[in-house]
Structures are given as structure tokens and as C-alpha cells.
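Participant: Here's a structure for you.
The values are calculated or read from the model by the stated rules, or taken from the named source; none is laboratory data. The structure presented is a predicted model; accordingly, all values stated were derived computationally and were not measured. So basically every Cβ, Gly included, is an ideal-geometry build from the backbone, and we count neighbours across all protein chains shown.
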Amino acid sequence: MNAWLPLMVLASSLVPGMIIFMLPEKAVALRTTLNLGGAVLKIVLLVLMMIGVFHGVEYEFRLPLVPGLDFVLHADALSLMFVNLSAVLWLATTVYAIGYLEGSPHRSRFFGYFSLCVTATVGLAMAGNLLTFLVFYEALTLTTYPLVVHRGTEAARKAGRSYLAHTLFGGVLLLAGTVWLYSLTGTLEFVDRGFIAGRGIDPDVLRMIFAVLILGVGVKAAILPLHGWLPQAMVAPAPVSALLHAVAVVKAGAFGIVRIVFDVFGVEFAASLGVTLPLAILAAVTIIYASTRALFQDDLKRRLAFSTVSQVSYITLGVAIAGPIATIGGLVHLVHQGFMKITLFFCAGNFAETLGVHKVSEMRGIGRRMPWTMGAFTLAAFGMIGAPPMVGFISKWYLGLGALEVGQDWAVLVLAGSSLLNAAYFLPILRTAWFDPPPESWPEERSFGRKETAWALLIPPVMTVAATLSWGLFASMPGTPLDWVQFIAARKYAP
Amino acid sequence: MSLLLALPLLPLAAALWFAARPVRAPSTAGWIVALVAAFPVMVATLMAPDRIALPDLLVMRDAALVLDPVARAALLLFGGLWLAIALLLTRPGVSDPPVVALLVALSGTIALSLAEGGPMVYAGMLAAGYGLYAVMAGERGAGWRSAGSAWVVLLVVSDLLVFEVLLSSTAHPTTDPYLPALVMALLALVLRGAIPPAHGWLAAALGTVSRPTAVLLAAVPLGAAVFGGLKILPPTPPTIVLWCSLLGLGGAAWATFAGLAQVEARTTLAYAVAGTGALLLAALPLAGTAAEMLAWPSLALLASCAVIPLLALQPAGRSRDFTVVVVLLVHGFAGGHTAARVAATLPPAAALLLPFAAVAATLLLTLAARRTAVATPEAESPDWSRVAMIPLVLAAAGLLLAWLGDPPGFASTWAAPVGITFGLVAFRLLPGRTRPEVAPGDLLGPVQRLVSLMLRRTRILCRRDLARLRDRTSAWLRGCWDGQAWSRRIQRLDVVLRAWPATSLLMLLVAMSAAFLLAK
């Protein structure tokens, strides 16, 4: 059972996805049942695994491919954190997508790829070695491309080409780094504290391998200057944007950085090679640059996209600072940012779908027309700024504390600057939405009776923002993401 | 559930209820807010000291809600002010600030009042600050916009400073005060509390907002900064007390100069609040050692300032005269009491000067009271004019409790009559102008212009220059891989070189140089 459970988690989205491909467009009820059933089943299986991992049970599925190289699915605390994030947000996004795409064409194709995309993410999260990681990393690229170009417009195709070019380039780099590493070490297994130290490999070679691997995953993590695909991909429907930013792609990149630093090189060994400081500086530059770019975007989703570029680099910064407290900040931000950003994208989708509002300049008085959606947006925006008691504060608190702990005080200034810029690009939206008079008519208003929008569109952002509020307010309670991440950090830094 | 826990949650629950049911009968909001606001006043008055630990809250595991004298003073101030404006909102025809924002701000101030542990105080300060900004932003008209924008920038910067201070104190716990963190904390409080030199926005805002919002602006930003400071500031070395006193004196002088040059009652009140803030800035460094002693005079000072906008509801008569006399005396005595308390820790020269900050603040408040128009009996019913009694009673109670804790002497009482007399004389002597000599809130004008210039430049850089650079670079990079283009370039170069007569001369020169070098 311990070997098959990871495979069952994978199958819980793979099998519904394959069936959905074969369903006709009219089979709405069956498609919805498969989607939601798979998502709920995955969460149930994950809860079982979390309880087991917490009590020291090992879950591993191993399939030998060639001598010395296995296909490995392994559930440890770190992978379960990411799998849980993806699974819970997949459920929320599925509910949202059902409402968002109601009546639109090619839904079977959309939901089929959607499930495959989550399968790839889950596989990537549970990968037990770099080879398995690479396989799912590429699978993720190929399964998200049809979602990016789902609308079939020229802009969508252009964005898709850009996405494919960027991510395949990243995949090639990751492949090169993996092969190079294997040729030197003869293993690719992820191990707590890394598998490279003490093998007598030339440090300069290791630094180059580190750079190649980080650039490979950095494309998906949208690290500067490899971030160009993300704002372009905003032409995709809102559920896909949510998927790219919060559930799968960007997070997969950030998760890859975590894996490479902790389980390939080992954080102490990486720090001794002197590669963590340049990575931290690169993350800091990305944070400030992307926040500055976000400041001047009128398109709401583009503004949120640049915000993602900035916020995901918090994770990289936390890992690269190379201290236990900063690691807690970085890892917990993986979860926190996912929930906050998905809320913001759900809300942006609601504005577009209900009123035809796509730009910040069109949002005057929108809070009075859609108070619940705008309320969720407001709380998530305050979370992004880092205001307590939202979860963003918890992440920034640990990042700042961790930076001070290891004497890298400059990182605190970066966090402060980023918060200032976040406030500068979110607060004007809130002011115009809540306090400016609404226009006489909206660009493309749809009526939902007395409700501000459809329930399927309203419930997901309200639920995700409620999670961000409660996890921020009761951050120190057992069972919160912070609690789980402290459990992970204790393992990664255990003597 | 403990009553202390229910206190900040009740306004949030009411806010949620209002958000869910936006359509309501006129004046309902006022009565509900009044009911919610009466709750903290009752708890502060009737409940025994209490403390509940909330280890699961936020990040430090040291969060708690505490009902101590500082919390009582803060609850009385904030609860009383919200009660007063809620009663105003029940009047027909009064402009209605956004009730959800009003309740969120109330919840923030209550959390701030009761909080123990830095992050929780920080959360309370944030909710109070942005909630009050939302109240201001809900005003009809656009007069508040410029001032509101300035304030929100100050709030954000202040929040970041508080965040840095809390991080620093957690990362480097030490018994000795860490000077940079202390300075940052004081700066943060100055920025969010409209304390000079960060007071410019208040004059511009107070002049344009409705009466309920004016009552809040007269006391809440400064109150949140002062009570927040009383909770987060550590014990301070005497040098900081001295520097804060000197800054407070400078701020009081500045506020006096600008306040005397005003015409309107509200803008004069803004400078009176700034003067009071300057005095409290001098007292804030004592927060680490004498927080409880400072809480009651702070209540008296702040509640006195909040009475002034309500004076406009009172028709001429004994009731109004009584209100004015009591409020000025309370403010003067409380200011003198605070100044005397701080002066006891200062070198003699500074100790001698500090009470003049109290004199200046009372002078300005007197001027604001005299400049406030008297209501006509037909326009205002006696019921509404009594609303001013709520902050007045709170101010008097604050002074009484301050005096009970630390009996007054001559040093703490002389400032009141002197300040009031100077205020009356100034009112009599100043010419009746139609325009103020110093525009309200002109302080931030140059700063705003500088910021907007920088923003404009950055926008141009981001929108145009960076994009151009990127396009040129990418075009050049693409060109590097274009074999045909290279071939064309080489051909062109070849043609140019052949066609250029100087090429032959150049080659000749090179050859001759080479021959010369070889020969040598």
C-alpha cells in the first residue's frame, strides 16, 4: 500500500483526465462529476499520506528504467506540501472553471488538459529523483500549452509560442544539467542535505551545473530575465491564469529551485560553494524590477502577472538566504502566495466575466457592484502587501527574521521596498474600486439576478481568501501551512 | 468566549452584517454603530483587570489581550468617539460615512487598545489607519483626495518602519535599547500620528470632511500613534528623551505659527492637534517606563481636541460656554501635567522650555474654539448639541484619573491659564482675513511635487525607455545569428573599403609604419 499510494494520487487526476477527453461536449454532469470526484479523491488520499508522513511512514513507488536510473515517486514532507497546495487549489479552480466556461466550446478538451496538467504537477512534486522531476517538468510544459492557446486567437497562439519557446529552452537546460550531474555522480536521487557534497568534484564545475539547473527551472519560476512568457500568457482564460500562477507552472519552477538547493546540492554545501548569494541577489532584483513594472500596467491581469514574478522570487530569496527561518518564510510563501494569487485571479476573472472589466482604469466603483468579489480582492491585496493578519505578513515576517538571523540585512530592505511597491500598485486599485463613483454602464455586463455573479464564480475566491485570513490570523496553530513548513525545515536543517 | 476577545470581533461581525445587507433604513447604521461602540466604553468602565493569552495568534506566541490602565484609556477614547459620531449619524440629513469602514476602523482601534505583543499592536494600527482612510475616502466631494493620498503614503511608510522595528527587536532581543530601531519606531509614530513635521495633510483634510469624520480625524490618528507607541516602545535613554523634547518644542512652534495664520476653525484645530502631537512626541520616549502615567493625560488631551468639531452644533448660551471653558481647561491642565512629567527627566534648560509646548497647544485649541461658528437654535436641536458632552466627559475623566495617579503641582497647572489667555488675546489681535496667510497643509506641497516628478520619470523609463532598450537589444541579438545579414554587412564593408580613397592611404601608412618598426 505504501508503494501504491503515490501512484493512486497520480491516477486520481490522470484517469479522470483521460476519460474527460473522450466525453462529448454535452456530457456536462458526467464531466463535472469526474472533475470534482477526482479532486476530492486526491485530497482524501493526500490527507492519509500526510498523517503517515507525520508519523514517519515512507511512501515510495520505484520502477527501474535502466540500470542505475529509476522512475521514483516519493512522498516526503516537502513534496506533500506542494501536492496538497496543487490538489486543494485544483479543486477550487475546477469549481471556478465550471462556472467560468459554462456554455463555451471545447470544454472536454480544456478539462482534460487541466487534469493532465495537475497530474504532471503532482508527479513533479512527488518526484524522488532528478530524472523523474525532469519527465514531469516537460510533461507540465506540454500539458499547459493547449490551455494557454485554448481561446485560439492570434494573441493566444503568440503567447503559446512564447510560452513553449521559453519553457522548452528551460527544459533543455535542465536536461543538460541533469546529464552532466549524472555523469559526475552516478546518481540523481533526492536526499535531504543533497547528494553532491564530499564527492571531490571540482567546485567550479559544480557552480556551473548549479547555474544550468537553476536557469532550467528558473524559466518556469519566472526569474529575471526569463520571465517574459508570463505576462504574455495572460491572454488565457482566468482559470488557466490561476493554474499558471498559483497551482502549477510558476510554483513548479519555484519548487524546482527548492529541490535543487536542498535535495541536490544541500543548502549548506550550496552556501559553501558561494552560489546562494548570487541567487539571492537575482531574486532580489527580480522582486524589485517586477514590482516596478507592475506599477505601470493598466491591464489588471498583466499587473497581477508582474506581481507574481515578484512574489515568486520571495520563495527563491528565502531559500537562497540559507538559514532555517528564512527557509520557513520562503517555503510557506509557496503556499501563501498560491492562495492569495489565485484569489486575485479569480476576482479578475469575475470582473471580466460579469462586467467585461479588464483594466484597472475601468474599475471605478466596481466595489459597489460586486462587493463580495472586491472584498476578497481587497483582503488578498492586503495579504500581498504583507499586512497582518493576512498570510503575506507571516511569510514576510519569517523572511525578514531569517535574513537578520544570518546577517543579510539588505534582504529586509528589499522586502520593505517590495512592500512599498506592492502598496503602490494595489492601493490605487482598492481606492478606485471602492470610493470612485461607478460608471453609468459597464463594458459587457451580464445579469445574474440579485446575485453579483454566479455562485460557482463567487464561492472559490471567498473560500481561498478565507483560508488566507485564517492561516494568517491563527498562524501558530497546529495544522496550518506554517506548522507543516516548520516540520520540513526541522528536517532539512537537522544536524 | 472572553469579553476581551469579543470586543474587536463585534464591530467586524456588524461590518459583515452591513456588507451582506447594504440596503437599510436611514439612521439604522447610526444606532447599530452606537450600540457596538458603547460596548468598549462599558468594558473599560466596569470590567475588572483581565488578560487572555492567544498563543496561536500571528507569529510570536506572545500575543495577548490585556485590560490594563493603558487599554482602559484607549478604549474610552476610541469607544467614546465612535459613540459620539454614531449618535450624530442618527440625525436626519447628516452625510453618512461608509459604515463598514467605520466599523473596521473601530475594530482596529479596539484591537490596538487591548493588544499585547508587537505584531498584534501592528495589526491594530494597520486596521485603524486604513479603516480611517476608508472613512475619509467615503466622503462626498473630492476635497479630501490630495490630503488622503499624502496620508496613505505616510501610513505605508510608517507601517514598513514598524515592521522593521518589530523584526529587529525579535531578531536581536537585548535589554539595552537599540538606537536605530528606537529612532525608526519614533519616526513611524510621527508619520502615522500627524505629529509635526508630518502634520501637513491633517489641515487640508480637516477643512474638507464632514463633521463625524472631522471628530475622528481630530483624535484617532494621533491617538492610535500614541497608544500604539505606549505599547511598543522600549525604555529609552535620556538622550532620546531630550531630542524628542527639542523636536516637540520645534513642532509646537511650527504648529503655532501656521495655526495663528489660519482663518477657518477646522484648519486651526488641525494645527492644535499637531501642537498636541508635538507635546506627546516629547512624552512618548517615557512609554517604556511610565506608560500608565501617560495614558490618562493622553486621553484628556485627545478627547479635548475631538470636542471642537462638535462645538459647531451648540447654540450660544451657558451650555456652550461651559463646554468651551471645560474643554480648554482640561486640555491645558492635561498638557501641563504631561509637560511637567517629561520635564522632570530633562536637564534644567529643556525642562524650563517644554511647558511652552503645552501652552502652544492650548493656545491653538482656544483659537480653534473661538473660530468655531455658533449654531443657531433653529438649526440645531438641544439633543444633538449634547453629543459634545461625550468626549468632554471622557476628557475630564482622563484628567481626573491622571491627577489621582500623580497629584498636580504648580508646574503642571500654570500652562492652562497662560495658554487660554494667549489664545484669547491672539483671537482679539489677529486681523480678520478672508484667506489664510499659510495655506492649510502646505508642508507636503514640495514633497508631493518631488514625488510626482520622480514617478513621472520612472513611468517614462518603464513605459518607453526600457522597452526601447529591450527591443534594440533583442533586435541586435537576433541579428547576431542571421548569417545572410552578416554576409550583407561584410559585402557592404568590403564595398565601402574599396570605394574609400583613404583606404589606400591608410594601408600605405600601415605598411610604412611596419617597415619603419622592422628597420628599427
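Participant: Go through B:Thr213, B:Thr174 for me and flag whichever is among the hydroxyl-bearing types (Ser, Thr, Tyr), more than 10 Å from chain A (Cβ to nearest Cβ) and farther than 22 Å from B:Val33 by Cβ.
Facilitator: Being among the hydroxyl-bearing types (Ser, Thr, Tyr), more than 10 Å from chain A (Cβ to nearest Cβ) and farther than 22 Å from B:Val33 by Cβ holds for just one of B:Thr213, B:Thr174, which is B:Thr174.
Participant: Could you give me the residue pairs with C-beta distances under 8 Å whose first residue belongs to region A:312-335 and is under 16 Å from A:Gly383 (Cβ atoms), whose second residue is among the aliphatic types (A, V, I, L, M) and not in a helix (DSSP H, G or I) wherever it lies, and which are 6+ apart or on separate chains?
Facilitator: A:Val312/A:Ala221; A:Val312/A:Ala222; A:Ile315/A:Ala221
Participant: Something else about it: If you check B:Gly288, B:Gly248, which single one turns out to be small (Gly, Ala, Ser) and at pLDDT 90 or above?
Facilitator: B:Gly248
Participant: Something else now. Restricted to region B:177-187, and to residues that are more than 12 Å from chain A (Cβ to nearest Cβ) and assigned to a helix (DSSP H, G or I), which residue is surrounded by the fewest Cβ atoms within 10 Å (Cβ to Cβ)?
Facilitator: Per the stated criteria, the residue is B:Leu179.
Participant: Does region B:156-171 hold any residues that are more than 9 Å from every other protein chain (Cβ to nearest Cβ) and either closer than 24 Å to B:Val135 by Cβ or touching a His at 6+ places or on another chain (Cβ under 6 Å) (or both), and which are they?
Facilitator: Within region B:156-171, B:Ser158, B:Val162 meet the criteria.
Each row is one residue, and each column tells you yes or no for (1) in a helix (DSSP H, G or I); (2) within 30 Å of A:Tyr182 (Cα to Cα); (3) over 25 Å from the mean Cα position of the chain (by Cα); (4) not charged (D, E, K, R).
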{"site": "A:Thr32", "(1), (2), (3), (4)": "yes, no, no, yes"}
{"site": "A:Leu36", "(1), (2), (3), (4)": "yes, no, no, yes"}
{"site": "A:Leu41", "(1), (2), (3), (4)": "yes, no, no, yes"}
{"site": "A:Leu48", "(1), (2), (3), (4)": "yes, no, no, yes"}
{"site": "A:Val53", "(1), (2), (3), (4)": "yes, yes, no, yes"}
{"site": "A:Arg62", "(1), (2), (3), (4)": "no, yes, yes, no"}
{"site": "A:Leu65", "(1), (2), (3), (4)": "no, yes, yes, yes"}
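Participant: Can you tell me which residue in region A:407-420 is nearest to the other protein chains (Cβ to nearest Cβ), limited to those that are assigned to a helix (DSSP H, G or I) and touching a residue at least 24 places away in the same chain (Cβ under 8 Å)?
Facilitator: A:Ser419
Participant: Here is a list of conditions, (1) more than 12 Å from the chain's Cα centre (by Cα); (2) assigned to a loop (DSSP other than H, G, I, E, B), and B:Ala194 meets all of them except one; can you say which number that is?
Facilitator: (1)
Participant: Among the numbered criteria (1) at pLDDT 90 or above; (2) crowded, with 22+ Cβ neighbours inside 10 Å, which single criterion is violated by B:Gly207?
Facilitator: (1)
Participant: Could you list all residues from region A:385-406 that are at the interface with another protein chain (Cβ under 8 Å from one of its Cβ atoms), part of a helix (DSSP H, G or I) and in contact (Cβ under 8 Å) with a residue 60 or more places away in the chain?
Facilitator: If the condition is that a residue be at the interface with another protein chain (Cβ under 8 Å from one of its Cβ atoms), part of a helix (DSSP H, G or I) and in contact (Cβ under 8 Å) with a residue 60 or more places away in the chain, then A:Phe393, A:Ile394, A:Lys396, A:Trp397, A:Tyr398, A:Gly400, A:Leu401, A:Glu405 are the ones that fit.
Participant: Kindly indicate whether A:Trp455 is touching a Pro at 6+ places or on another chain (Cβ under 8 Å) and either away from chain B (no Cβ under 13 Å) or closer than 22 Å to B:Leu167 by Cβ (or both).
Facilitator: In short, no.
Participant: Just for region B:201-254: of the residues that are of a type in the set (Ser, Thr, Tyr) and part of a helix (DSSP H, G or I), which one is farthest from B:Ala71 (Cα to Cα)?
Facilitator: Among those residues, the one meeting the criterion is B:Thr239.
Participant: Among A:Phe448, A:Phe487, which is surrounded by fewer than 22 Cβ atoms within 10 Å (Cβ to Cβ) and in a helix (DSSP H, G or I)?
Facilitator: A:Phe487
Participant: Looking at region A:403-420, which of its residues are among the acidic types (Asp, Glu) and surrounded by 16 or more Cβ atoms within 10 Å (Cβ to Cβ)?
Facilitator: A:Glu405
Participant: Would it be correct to say that A:Thr141 is modelled with pLDDT under 90, of a type in the set (Val, Ile, Thr) and surrounded by fewer than 24 Cβ atoms within 10 Å (Cβ to Cβ)?
Facilitator: It is false that A:Thr141 is modelled with pLDDT under 90, of a type in the set (Val, Ile, Thr) and surrounded by fewer than 24 Cβ atoms within 10 Å (Cβ to Cβ).
Participant: Separate question: Checking the structure you have, find out if any residue of region B:328-336 is over 16 Å from B:Leu392 (Cβ atoms), hydrophobic (A, V, I, L, M, F, W, C) and either under 25 Å from the mean Cα position of the chain (by Cα) or at pLDDT below 95 (or both).
Facilitator: No, the conditions are met nowhere in region B:328-336.
Participant: Among the listed residues B:Ala101, B:Ala127, B:Ala111, which satisfies the condition of being touching a Gly at 6+ places or on another chain (Cβ under 6 Å), surrounded by fewer than 23 Cβ atoms within 10 Å (Cβ to Cβ), within 10 Å of chain A (Cβ to nearest Cβ) and touching a residue at least 12 places away in the same chain (Cβ under 8 Å)?
Facilitator: B:Ala101
Participant: Okay, moving on. With the condition kept exactly as written, say whether any residue in region A:430-445 is more than 30 Å from B:Glu164 (Cβ to Cβ), of a type in the set (Phe, Trp, Tyr) and either in a loop (DSSP other than H, G, I, E, B) or at the interface with chain B (Cβ under 9 Å from one of its Cβ atoms) (or both).
Facilitator: yes
Participant: Picking from A:Val217, A:Val191, A:Val240, A:Val205, which residue would you name as being surrounded by fewer than 21 Cβ atoms within 10 Å (Cβ to Cβ) and in a helix (DSSP H, G or I)?
Facilitator: A:Val205
Participant: Checking B:Leu313 against (1) aliphatic (A, V, I, L, M); (2) in contact with a Phe, Trp or Tyr (Cβ under 7 Å, 6 or more places away or on another chain); (3) assigned to a helix (DSSP H, G or I), only one condition comes out false. Which one?
Facilitator: (3)
Participant: I would also like to ask the following. Checking A:Gly356 against (1) over 28 Å from B:Gly138 (Cβ atoms); (2) away from chain B (no Cβ under 14 Å); (3) surrounded by fewer than 24 Cβ atoms within 10 Å (Cβ to Cβ): exactly one of these is not met. Which one?
Facilitator: Here A:Gly356 meets the rest and fails (1).
Participant: Let me confirm something: among A:Ala423, A:Ala466, which residue is under 28 Å from A:Arg302 (Cβ atoms), free of Cβ contacts under 8 Å to residues at least 60 places away in the same chain, surrounded by fewer than 17 Cβ atoms within 10 Å (Cβ to Cβ) and within 13 Å of chain B (Cβ to nearest Cβ)?
Facilitator: A:Ala466
Participant: Can you list residue pairs whose Cβ atoms sit under 8 Å apart, with the first residue in region A:209-233 being polar (S, T, N, Q) and the second being modelled with pLDDT of 85 or more and surrounded by fewer than 24 Cβ atoms within 10 Å (Cβ to Cβ)? Count only pairs 6 or more apart in sequence or on different chains.
Facilitator: That search, which allows pairs on different chains as well, returns A:Gln232/A:Lys158; A:Gln232/A:Ala159; A:Gln232/A:Ser162.
Matching residues to (1) in a loop (DSSP other than H, G, I, E, B); (2) under 24 Å from B:Leu57 (Cα atoms); (3) of a type in the set (Asp, Glu):
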{"position": "B:Gly80", "(1), (2), (3)": "no, no, no"}
{"position": "B:Leu87", "(1), (2), (3)": "no, no, no"}
{"position": "B:Thr109", "(1), (2), (3)": "no, yes, no"}
{"position": "B:Ser113", "(1), (2), (3)": "no, yes, no"}
{"position": "B:Val121", "(1), (2), (3)": "no, yes, no"}
{"position": "B:Leu126", "(1), (2), (3)": "no, yes, no"}
{"position": "B:Gly148", "(1), (2), (3)": "no, no, no"}
{"position": "B:Asp159", "(1), (2), (3)": "no, yes, yes"}
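Participant: State which residue is nearest to the other protein chains (Cβ to nearest Cβ) when the search covers only region B:134-147 and only residues that are touching a helix residue (DSSP H, G or I) at 6+ places or on another chain (Cβ under 9 Å) and surrounded by fewer than 24 Cβ atoms within 10 Å (Cβ to Cβ).
Facilitator: B:Ala137
Participant: Let me ask something additional. Could you check region B:428-442 and list, in sequence order, the residues that are modelled with pLDDT under 80, in a loop (DSSP other than H, G, I, E, B) and surrounded by 10 or more Cβ atoms within 10 Å (Cβ to Cβ)?
Facilitator: Those that are modelled with pLDDT under 80, in a loop (DSSP other than H, G, I, E, B) and surrounded by 10 or more Cβ atoms within 10 Å (Cβ to Cβ): B:Arg433, B:Pro436, B:Glu437, B:Val438, B:Ala439, B:Pro440, B:Gly441.
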